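I have placed the structure first, in the form of structure tokens, so that the comments after it can refer back to it.
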Amino acid sequence: MFAMMERARLEALHLAQDPATGLQAIIAIHNTRLGPALGGCRYLAYPDTDSAVRDAIRLAQGMSYKAALAGLEQGGGKAVIIRPAHVDNRGALFEAFGRMIESLKGAYITAMDSGTSSADMDCIAQHTQHVTSTTSAGDPSPHTAMGVYAGIRATAQARLGSSDLEGLRIAVQGLGNVGFALAEQLAAAGVELFVSDLDPGRVQLAVEQLGAHAVSNEALLSTPCEILAPCGLGGVLNAQTVGTLHCAAVAGAANNQLASGEIADELEARGILYAPDYVINSGGLIYVSLQHRGYELPAITAHLAQIGLRLTDIYAHAQADKHSPARVADRLAERLLCG
Ligand code: NAD
């Protein structure tokens, strides 16, 4: 366990259980040099405790990098609640988790993530103030989409010489909370949209409301386009798919798009500009962090607009140093985290 923590340079790992409610929770705090750790809470089934701990650690590290490059006074953390096969009272389980968070005295602030909802955050909020994305705080997804849109414009400028998206072909994989909101903005900018989703209903909606072209899930990644925007699950850019891409750039919302660091180099070798995922998708984190600190919407929107500038800066460094943008982003984040 300690070797795993050391490899990830993790500050702290908290485990708690509450047999009365079925709670088994892990909170990983990666780095608090820039501020208290903030990161979502997953509520998923895991094959064993070790894989849940590994997931929490890996995700907490990613949150530190994301917060650092977003210019937030926030560290990185993540919580995993192992979803029991059966739960009598979900609300009571999340209330118990709220008490666990409160016991950490503000070192970790939680938020919505895979498998959790704003209603779960409301239960947590009954026992601690260190919680965001409650019903009253609102869904971060539209803000993530807004940041990705700004990032796509910066990527188009760097790779195609103009940030005007009108007439560009953009392929969006995944039309969930973020992907659909992004597709709406792209359609409004005059983009020719190609879309896919595991849920045919989402695709149908995009075809009818946004004039998008429906593409099968298998064909989406290799669709000829200027920009590919992965907005579904992670790991889509891997040894099998990277050679099949027909785009000039990849810029989308999905977390952990690269199956490994080497894929970034392969994209680079193929002349495909890659927008580091944790930079371009940081809009949701910016929203929950600043909203939790009491900022008003105009100030938050101004901060979101910085995502484009940050990417432009990373692309310039990458070009000067002949490294992939992914490696440049990691290096910049590590510098901020290590001082
Ligand atoms: P979501 O669950 O609302 O939507 C994901 C959509 O992708 C679903 O409609 C799903 O059917 C589709 N999908 C999954 N795999 C697919 C595939 N192989 N092909 C086509 N469609 C596929 O999730 P979301 O909140 O929109 O988040 C999307 C991605 O962005 C995730 O990777 C998430 O981690 C990341 N992200 C989200 C936020 C946020 O604020 N919601 C913030 C940062 C990063």
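Of the helices (runs of 4 or more DSSP H) lying entirely inside segment 219-334, those carrying at least 1 residues that are open to solvent by 20 Å² or more (accessible area, probe 1.4 Å), within 22 Å of residue 34 (Cβ to Cβ) and within 16 Å of the ligand (Cβ to nearest atom) are 277-280, 283-292, 297-321. Filtered by the rule that a residue be within 9 Å of the ligand (Cβ to nearest atom), assigned to a loop (DSSP other than H, G, I, E, B) and either hydrophobic (A, V, I, L, M, F, W, C) or open to solvent by less than 30 Å² (accessible area, probe 1.4 Å) (or both), segment 134-167 gives a lone residue, 140.
Looking only at segment 84-127, which residues are in a loop (DSSP other than H, G, I, E, B), of a type in the set (Gly, Ala, Ser) and within 16 Å of the ligand (Cβ to nearest atom)? Quick ask: steps written out before the conclusion?
As a first pass, look at segment 84-127 and keep what is in a loop (DSSP other than H, G, I, E, B): 84-89, 104-107, 113-117, 125-127.
Filter once more, keeping what is of a type in the set (Gly, Ala, Ser): 85, 106-107, 114-115, 117, 125.
Residues satisfying the conditions are 114, 115, 117.
Can you report the number of residues in segment 43-65 which are more than 18 Å from residue 289 (Cα to Cα) and in contact (Cβ under 8 Å) with a residue 60 or more places away in the chain? Of the residues in that region, 2 qualify. Annotation: of all residues in segment 1-31 being at pLDDT 95 or above, part of a loop (DSSP other than H, G, I, E, B) and not hydrophobic (A, V, I, L, M, F, W, C), the one that is farthest from the chain's Cα centre (by Cα) is 19. The residues of segment 169-185 that are surrounded by fewer than 24 Cβ atoms within 10 Å (Cβ to Cβ) and more than 9 Å from the ligand (Cβ to nearest atom), listed by number, are 169, 184, 185. When the residues of segment 168-209 are filtered to those that are in a strand (DSSP E or B) and among the hydrophobic types (A, V, I, L, M, F, W, C), which remaining residue is farthest from residue 244 (Cα to Cα)? It comes out as 193.
The values are calculated or read from the model by the stated rules, or taken from the named source; none is laboratory data. Worth saying up front: this structure is predicted, and the values here are computed from it rather than measured. Please note: Cβ atoms are built from the backbone with ideal geometry, for glycine as well, and neighbour counts cover all protein chains shown. Accessible surface is based on the protein model in full, side chains and every heavy atom, while ligands, DNA and RNA are left aside. Shrake-Rupley method; radii C 1.70, N 1.55, O 1.52, S 1.80 Å.
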